[in-house]
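The values are calculated or read from the model by the stated rules, or taken from the named source; none is laboratory data. Because the structure is a prediction, the values reported are computed rather than measured. Cβ sites come from the backbone with ideal geometry, for glycine too, and all protein chains shown count toward neighbours.
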Amino acid sequence: MRDIPHFQEGTMVEVDINETGFTVIKCEERKAFSFPFSESQLLEGLTPALAHADLVVPPLASELGE
């Protein structure tokens with residue numbers, strides 16, 4: 001059954017079950033997501049003054065799960 005549609009182990013499928021039987025459809029492969037910028041590009045030239053580090057508010061105890 002897996003040979004005809006060229007399924008391999010690990011192939012993602014969608015199964016539709018109804019009163020007359022079922023249908024198995026191969027899911028479309030998702031392209032790997034790629035961020036438009038690297039971390040180093042985002043941090044390039046960043047200083048505490050430019051990041052407004054003096055404006056950072058300490059988290060509340062409830063935000064830390066305490």
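Remarks
- Just one of the numbered conditions (1) surrounded by 10 or more Cβ atoms within 10 Å (Cβ to Cβ); (2) part of a strand (DSSP E or B) is not true of Pro5: (2).
- Condition met for Thr11 (more than 29 Å from the chain's Cα centre (by Cα) and in a loop (DSSP other than H, G, I, E, B)): no
- Test: Ala51 is assigned to a loop (DSSP other than H, G, I, E, B), at pLDDT 85 or above, out of contact with any His (no Cβ under 8 Å at 6 or more places or on another chain) and hydrophobic (A, V, I, L, M, F, W, C): yes
- Of all residues in segment 17-35, those that are surrounded by 10 or more Cβ atoms within 10 Å (Cβ to Cβ) have Cβ atoms under 7 Å from Cβ atoms of residues that are part of a loop (DSSP other than H, G, I, E, B), 6 or more apart or on another chain, in Lys26/Pro5; Lys26/Phe7; Lys26/Thr11.
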